[in-house]
1. Please specify each residue of segment 104-126 satisfying the condition of being surrounded by fewer than 16 Cβ atoms within 10 Å (Cβ to Cβ), under 21 Å from the mean Cα position of the chain (by Cα) and assigned to a loop (DSSP other than H, G, I, E, B).
2. Please go through segment 149-187 and pick out each residue that is assigned to a helix (DSSP H, G or I) and either among the hydroxyl-bearing types (S, T, Y) or at pLDDT below 85 (or both).
3. Go through segment 206-279 and tell me which strands (runs of 3 or more DSSP E), entirely inside it, have 3 or more residues that are at pLDDT 90 or above and crowded, with 16+ Cβ neighbours inside 10 Å.
4. State yes or no: is A119 modelled with pLDDT of 90 or more and either of a type in the set (V, I, T) or in contact with a strand residue (DSSP E or B) (Cβ under 7 Å, 6 or more places away or on another chain) (or both)?
5. Any idea which of E101, E68, E34, E93 is acidic (D, E), modelled with pLDDT under 80 and either within 16 Å of the chain's Cα centre (by Cα) or closer than 21 Å to R249 by Cα (or both)?
Amino acid sequence: MANSGESPETVRAAVYLTSEQDRKRAEGVLGELEREGRTRFGGMVEGELSPAEVKKLDEEGLVVELVEYTAAPPPEALGGARRAIAAGSEAIEELQGQAPEPRTGGLEPSEAEALPVDAYNLELEGPITRAQRLELDTLGVDIAAYEPGYGYRTVLGREQYAKVKALPYVAAVRRYRFSQTMTPELLDAVTDGGEGEEPQLLSGSEEKEAEDQVFDCLLHREEDLAKVRELIEGEAGAEVLDSSNLRIRFGAKAHIPLLATLAVQPEVRQLSVYEAPTL
């Protein structure tokens, strides 16, 4: 294991594969995907990766997500060390208030209040087992990586939502939170405030004076790409620079209404400020 301050030898990460082309690109970097130390379920492969492998996968346009890391900070190809964001932050609450809210019923809606398709955090009574994964697979439920404090990410239709809630090993099914889409870097881009001060959203004049930045919008599902891309392209001053199956990279100022509107969409998994990966 690397010493503190040095590059880590490996990180535990999930690689998302939504097409045969993705699988071939991943194999070009990692070799055989299904081998000891790696787990593959549906469109995700999880295992120990070196920082160099993470960087190459990112360069191939694949979505790589940190699953667990407890020693040194993760490599910059994964976005650098993640600072915790308090769900109750006034800045996040204010930012959420700038967007239309397409969902009713709070974090745990009734079946009638649930959207036809929505993103959720799936909390289990214990660590997920292979038998449970297989049962969820028979329901058409695709389980993504585990997020500490939230559970396993998934996207469910209204009928799936009711069925999953009724499973005996499921403790709770809660909507994916607005704050989960935020990275610290994105919050920094839309707020001001000195060290030790509560960050405040930029004013309208500050937004206009802000420099253009590049943002990454990650999606839960490949089939939602066209819808979210259209939303971005419909905003004056925003320009889509590149896209892959689960990611849209766009240029814009720190336009608070646009970023808030994107973050509240059930199709959006994460918004971040793009930085070219380095090691």
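The values are calculated or read from the model by the stated rules, or taken from the named source; none is laboratory data. This one's a predicted model, so the numbers in the text were calculated from it and none came from an experiment. No Cβ is skipped: glycine too gets one built from the backbone with ideal geometry, and neighbour counts run over all protein chains shown.
1. G106, L107, E108, P116
2. Y161, S179, T181, P184, E185, L186, L187
3. It comes to 213-219, 247-252, 268-273.
4. yes
5. Criteria check complete, one pass: E68.
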